[in-house]
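Worksheet: the structure to be examined is printed underneath.
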Amino acid sequence: MFSENLIQKLQNSKHVVVFTGAGVSAESGVPTFRDVENGLWENFDVMKIGTEQGYLQDPSFGWGWYEWARHQVFLKQPNPAHYAIAQLAEKLPKVTVVTQNVDDLHERDGSLDVLHIHGALNDVCCLYCDYKSTLPQSRIAIEVEQPISSPPDICPLCSSIMRPHVVWFGENLPSDIWQKAKEASEQCDLMLIIGTSGLIYPAASLADRAIYKKIESVQINPDATDIDTLVTHNFRGKAGEILPLLFEAAFGEMK
Ligand code: OAD
């Protein structure tokens, strides 16, 4: 299934970038964005939960929706793809995980210093000043069965309302994290592109950058994408099935 060239490349790489999208969490039961049946954008109004304009029109709806979403992710568990990625970091000199996902499933399976280019579901920030914080697990654990309205937290510094610290449509990516992600993507020896449709820019440009620099690349996705013929190795299938097999072929059985 895997060529000898790929196995050797993986074994000898000094720096691997693992670039993930919603598909890496799909086998954990977290819905992707664009799945035709269960996708988030099929079931919820992107204006209301994916833009600041929508949030400002009804902050209690938006805040309540994110409280529900956070709790749903809290109930999920990382899957073998997250685990395999965390294990890879123990085998190689440097692994940089860059994710478009706002969930914390990479971290919950042991990945460190994950670059969240679209922010993090558990982080919140003030709409007006620079105050930011991470919600405690004790709060995220409180059951929220439905996405129902809930008044936003108030900023302890300036008393305005808080918002989820995720990147909404039309907003810039966090500049320091984005810079690190771009540098890693252009300087690595190998890029693994896992579970992303590659439709949302600038995030998707990370894969384009690696391909443009002629960096060897691997894509794992059950569906076709625009870069199927551009990557060096394209695997049509689920991340939680293929990644463990690939890493075991290169490094032997995982712990
Ligand atoms: P999408 O929902 O656009 O794409 C998910 C991809 O995962 C699809 O290509 C699926 O085929 C693939 N997939 C599904 N199950 C999989 C599995 N088990 N293993 C591997 N792949 C699987 O999600 P993203 O590409 O992450 O942005 O979307 C990019 C951005 O669009 C998101 O970060 C979000 C969204 O709007 C913001 O919110 C700013």
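Remarks
- Residue in the range 130-148 that is over 26 Å from residue 202 (Cβ atoms) and in contact with a Cys (Cβ under 6 Å, 6 or more places away or on another chain) present: yes
- Within the range 40-58, restricting attention to residues that are in contact (Cβ under 8 Å) with a residue 40 or more places away in the chain and buried (at least 17 other Cβ atoms within 10 Å of the Cβ), the residue that is farthest from the ligand (Cβ to nearest atom) is 55.
- Verdict on residue 255 being in the same structural domain as residue 20 (by TED's automatic domain parsing) and either modelled with pLDDT under 95 or in contact with a Lys or Arg (Cβ under 6 Å, 6 or more places away or on another chain) (or both): yes
- Of all the residues in the range 144-173, those that are under 22 Å from residue 108 (Cα atoms) and either at pLDDT 95 or above or within 12 Å of the ligand (Cβ to nearest atom) (or both) number 4.
- Lone unmet requirement of (1) in a loop (DSSP other than H, G, I, E, B); (2) within 10 Å of the ligand (Cβ to nearest atom); (3) modelled with pLDDT under 95 for residue 37: (2)
- Being under 18 Å from residue 150 (Cβ atoms), among the charged types (D, E, K, R) and either surrounded by fewer than 22 Cβ atoms within 10 Å (Cβ to Cβ) or not assigned by TED's automatic domain parsing to the domain that holds residue 136 (or both) is a property that residue 35 lacks.
- Flag if residue 177 is surrounded by fewer than 18 Cβ atoms within 10 Å (Cβ to Cβ), in the same structural domain as residue 89 (by TED's automatic domain parsing) and aliphatic (A, V, I, L, M): yes
- Matching residues in the range 1-25 - criterion: being under 10 Å from the mean Cα position of the chain (by Cα) and assigned to a helix (DSSP H, G or I): 23, 24, 25
- Residue in the range 195-209 that is away from the ligand (no atom under 13 Å from the Cβ), surrounded by fewer than 18 Cβ atoms within 10 Å (Cβ to Cβ) and not basic (Lys, Arg) present: yes
- Scanning the range 175-196 turns up no residue that is in a loop (DSSP other than H, G, I, E, B) and without any contact (Cβ under 8 Å) to a residue 60 or more places away in the chain.
- If you check 123, 130, 113, 58 for being among the acidic types (Asp, Glu), in the same structural domain as residue 17 (by TED's automatic domain parsing) and modelled with pLDDT of 95 or more, only one passes: 113.
- Members of the range 3-32 that are surrounded by fewer than 17 Cβ atoms within 10 Å (Cβ to Cβ) and touching a helix residue (DSSP H, G or I) at 6+ places or on another chain (Cβ under 8 Å): 7, 11, 15
- Scanning the range 9-34 for residues that are within 9 Å of the ligand (Cβ to nearest atom) and touching a Leu at 6+ places or on another chain (Cβ under 9 Å) yields a count of 8.
The values are calculated or read from the model by the stated rules, or taken from the named source; none is laboratory data. All values derive from a computational prediction rather than experimental measurement. All Cβ positions, even for glycine, are placed from backbone atoms using ideal geometry, and neighbour counts span all protein chains on display.
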